[in-house]
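The values are calculated or read from the model by the stated rules, or taken from the named source; none is laboratory data. These numbers were taken from a predicted model, which means no experiment stands behind them. Here the Cβ is made from the backbone with ideal geometry for all residues, glycine too, and neighbour counts use every protein chain on show. Heavy atoms of the whole protein, side chains included, go into the accessibility calculation; ligands, DNA and RNA do not. Shrake-Rupley method; radii C 1.70, N 1.55, O 1.52, S 1.80 Å.
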Amino acid sequence: MHKVIERIKEAKLVPVVKIEYIEDAVPVAKALCEGGLYLAEVTFRTVCAEEAIRRMKEACPQMLIGAGTVLNTQQVDEALASGAAFIVAPGFNEKVVNYCTQKGVPIFPGCSHASDIERAIEHGLEVVKFFPAKELGGLATIKALAAPYGQVNFMPTGGITPDTMMEYLGYERIVACGGSWMVKEDLIRQKDFKAITKLTAEAVKRIQKGKQGQETQQHLTKEECAASQLTLEGLGEGVVAGFGEMLLRLSAPDHLRLSQAHQLKMHYGGAEANVVVSLAQFGLNTRFMTKLPENDLGQSAVNELRKYGVDTHFILRGGERMGLYFLEKGASQRASKVVYDRAHSAMSDIRSEELDWDKALEGVKHFFITGITPALGEEVARVALKVCKKCQEKGITVWCDLNYREKLWTKEEASRTLQEMMQYVDCCLTNEHHAISMLDLDLVVEGQAEVGRIDQIADEKTRLSAIAYAMTRKYGFKQVALTIRHSVSASLNSLSALLYTEGKSYFAPFYDVQIVDRVGGGDAFASGLIYATVKGYDPQESVAFALASECLKHTIEGDFNEVSVAEVCALMNGNGKGLVQR
């Protein structure tokens, strides 16, 4: 299924918007986003439709916007040039359908008869618009048409209300409903954007309640799988798995130094664990592989993961102890400090043969690891390399955050090991310093002898793009992400990021962050980027989502990023003033 269709299917509702006056475009887009719906179909029934799409997309880049009531190929070109991601037509126009399919653009033509559906099948379409739904008999007619054509799904539009929407969505062949009750023309004319937000939020809430039954059933399926050692393969988007050490964090409270503290706060964490927990909170199926001691602390760590819905079936038990780290949070000009106590931990003594990797990776589509894991010892490094190779053999996308920790191993050890591991990595996340010091890149600037080296380029965006290109050229990465941190003090940082993919660079805007807890920020970025990739976000949306996720983590105590997709999207949409939500 096309990624655009997957996003529409996830949202379940497509607001059908008619913009008569261009100044209303951005407020309508923001009102929909504030209501929790990052999707819209803008009809080409007004002269400003093309410009409206362009402005809405610029103001809310995370939105998926399509063009509706498209009647000819010229309008298709205009819509695509303005940023539209899909096309909706009132009927089955052969020229428009052919033109869109040739361009690889999702097209939803209006189909109300069996002959229309057969034509759609001939053109390889997965979803058709059913319009006008109410006048044509609604759900009963759709079911009658769907029966002989099992490969086609429907998007009913016309006369849809909040109540009938839920009836339609209860039928498995309905991808989403198109509706305009939350964006009525009179609300837009009156500039009552608060009402649009309210009606949108109510619709989203209805949809979420409707999903609860399905999610409960899915949860039962997970439990049954774990109990019978079956796999999660086939559950939606597959599983995102992480492999690494889970740690017990003990931190001095209230910015005290460790030498001052008489009591310590306890949290569980660890880079890979942080990522799978965050993704589980975002709604993805996740799994964690590690080794924990067979004692109360080890069991408490497992329970913590289970609380967030992470699959713990492949966690090994045994070994001497759990790894610890002590944190002293900095403030102003005093830097934070970490003291590790993880020698001879259960994870550092793991052996490759202890875990059946074929079973552990069943159903996995994305695998996440960091450079911290191979730093735990030579045998752990061999295990990490083995599992990355096995993922490549199985066609699993491998994500790696370099995460060099100088307190765990030398630069020479890290560079040698990580360079070998990078041969099996698809998506690499790091920062400028670690990329240069760890990956033995060719830093000579081609054709620019007067500059000499990439790392000497003054302009930050140009320099980072060149580094990402050098990484891709050497290791063949599909994606490279470089996080950017300008530190004013331990309490105030400015954050941005680059995503480099298919030869292009995409930068997220800077956020100035007052830091509550910096630990896990990079892991929140990684989980945001993985989520956006799984969900089919375009590169600009992906890096914006990932950075917003990282930004929010800096405001949350503990290692885990306790935020929702809606909160991340709200920050992306400019809602970062921290006002009380009532």
**Message:** So the check is Cβ under 6 Å with 6+ separation or different chains; which pairs have a first residue in segment 418-432 that's of a type in the set (A, V, I, L, M) and a second one that's outside any strand (DSSP E or B) and open to solvent by 10 Å² or more (accessible area, probe 1.4 Å)?
**Reply:** Met421/Leu385; Met422/Tyr475
**Complete:** Counting only strands (runs of 3 or more DSSP E) wholly inside segment 373-488, the ones holding at least 3 residues that are in contact with a helix residue (DSSP H, G or I) (Cβ under 7 Å, 6 or more places away or on another chain) and open to solvent by less than 50 Å² (accessible area, probe 1.4 Å) are 397-401, 479-487
**Prompt:** If you go through segment 140-165 one residue at a time, how many are without any contact (Cβ under 8 Å) to a residue 60 or more places away in the chain and assigned to a helix (DSSP H, G or I)?
**Reply:** 10
**Message:** Conditions first: (1) touching a strand residue (DSSP E or B) at 6+ places or on another chain (Cβ under 9 Å); (2) surrounded by fewer than 23 Cβ atoms within 10 Å (Cβ to Cβ); (3) in contact (Cβ under 8 Å) with a residue 60 or more places away in the chain; (4) under 23 Å from Pro61 (Cβ atoms). Ile530 passes all but one, so which condition is the exception?
**Reply:** (2)
**Request:** Select from segment 325-335 the residues that are surrounded by fewer than 17 Cβ atoms within 10 Å (Cβ to Cβ) and aliphatic (A, V, I, L, M) and list them in ascending order.
**Result:** Ala331, Ala335
**Request:** Considering only segment 131-163, state which residues are under 31 Å from the mean Cα position of the chain (by Cα) and closer than 25 Å to Lys184 by Cβ.
**Result:** Phe154, Met155, Pro156, Thr157, Ile160, Thr161, Pro162, Asp163
**Asked** Inside segment 141-168, can you point out the residues that are under 20 Å from Arg119 (Cβ atoms), of a type in the set (S, T, N, Q) and either open to solvent by less than 20 Å² (accessible area, probe 1.4 Å) or in contact with a Gly (Cβ under 9 Å, 6 or more places away or on another chain) (or both)?
**Response** Thr157
**Item:** Only one of Ala508, Ala497 that is modelled with pLDDT of 95 or more and closer than 16 Å to Glu550 by Cβ
**Value:** Ala497
**Prompt:** Across segment 533-572, what is the number of residues that are open to solvent by 10 Å² or more (accessible area, probe 1.4 Å) and touching a Pro at 6+ places or on another chain (Cβ under 9 Å)?
**Reply:** 4
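Just need a number here: residues in segment 78-121 that are more than 27 Å from Ala29 (Cβ to Cβ) and open to solvent by 60 Å² or more (accessible area, probe 1.4 Å).
The number of residues fulfilling the criteria is 7.
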**Asked** Has segment 536-547 got at least one residue that is among the hydroxyl-bearing types (Ser, Thr, Tyr), under 30 Å from Pro253 (Cβ atoms) and in contact with a helix residue (DSSP H, G or I) (Cβ under 7 Å, 6 or more places away or on another chain)?
**Response** no
**First in segment 383-412 and touching a residue at least 24 places away in the same chain (Cβ under 8 Å), second anywhere and surrounded by fewer than 17 Cβ atoms within 10 Å (Cβ to Cβ), Cβ under 6 Å, 6 or more apart** = Val383/Ser352; Lys386/Ser352; Lys407/Tyr340
**Message:** Suppose we keep only residues that are part of a loop (DSSP other than H, G, I, E, B), farther than 25 Å from Lys365 by Cα and touching a helix residue (DSSP H, G or I) at 6+ places or on another chain (Cβ under 9 Å) within segment 259-292. Which one would you say is modelled with the lowest pLDDT?
**Reply:** Ala261
**Complete:** Picking from Gly104, Gly83, Gly36, the residue that is over 25 Å from Gly138 (Cβ atoms), in contact (Cβ under 8 Å) with a residue 60 or more places away in the chain and within 26 Å of the chain's Cα centre (by Cα) would be Gly36
**Item:** Selected residue [within 17 Å of His2 (Cβ to Cβ), open to solvent by 40 Å² or more (accessible area, probe 1.4 Å) and either among the acidic types (Asp, Glu) or without any contact (Cβ under 8 Å) to a residue 60 or more places away in the chain (or both)] from Gly124, Gly137
**Value:** Gly124
**Prompt:** Failed condition for Ala89, given (1) under 22 Å from Pro156 (Cα atoms); (2) out of contact with any strand residue (DSSP E or B) (no Cβ under 8 Å at 6 or more places or on another chain), with all others met?
**Reply:** (2)
**Complete:** Note: among Phe282, Phe243, just one is open to solvent by 10 Å² or more (accessible area, probe 1.4 Å), of a type in the set (Phe, Trp, Tyr), in contact (Cβ under 8 Å) with a residue 60 or more places away in the chain and out of contact with any Pro (no Cβ under 6 Å at 6 or more places or on another chain), namely Phe282
**Among the candidates Lys194, Lys211, residue that is modelled with pLDDT of 90 or more and among the basic types (Lys, Arg)** = Lys194
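Is it true that some residue in segment 494-509 is among the β-branched types (Val, Ile, Thr), touching a residue at least 24 places away in the same chain (Cβ under 8 Å), open to solvent by less than 30 Å² (accessible area, probe 1.4 Å) and farther than 17 Å from Asn431 by Cβ?
yes
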**Request:** Determine whether segment 352-359 contains at least one residue that is under 22 Å from Gln423 (Cα atoms), in a helix (DSSP H, G or I) and open to solvent by less than 50 Å² (accessible area, probe 1.4 Å).
**Result:** yes
**Complete:** Per the filter on segment 38-63, residues among the hydrophobic types (A, V, I, L, M, F, W, C) and open to solvent by 10 Å² or more (accessible area, probe 1.4 Å) are Phe44, Val47, Cys48, Ala59
**Prompt:** What number of residues in segment 1-47 are part of a strand (DSSP E or B) and either more than 20 Å from Lys191 (Cβ to Cβ) or of a type in the set (Asp, Glu) (or both)?
**Reply:** 4
**Cβ-Cβ under 6 Å pairs, at least 6 apart or on other chains, segment 1-28 side free of Cβ contacts under 8 Å to residues at least 40 places away in the same chain and within 12 Å of Ala40 (Cα to Cα), far side open to solvent by less than 70 Å² (accessible area, probe 1.4 Å) and outside any helix (DSSP H, G or I)** = Ala25/Ile19
**Asked** Out of segment 169-181, which residues are open to solvent by 20 Å² or more (accessible area, probe 1.4 Å), in contact (Cβ under 8 Å) with a residue 12 or more places away in the chain and of a type outside the set (S, T, N, Q)?
**Response** Leu169, Gly170, Tyr171, Arg173, Trp181
**Prompt:** Of all the residues that make up segment 306-351, how many are touching a residue at least 60 places away in the same chain (Cβ under 8 Å), assigned to a loop (DSSP other than H, G, I, E, B) and among the small types (Gly, Ala, Ser)?
**Reply:** 6
**Item:** Count - residues of segment 336-351 that are within 18 Å of Trp409 (Cα to Cα) and loosely packed, with under 13 Cβ neighbours inside 10 Å
**Value:** 3
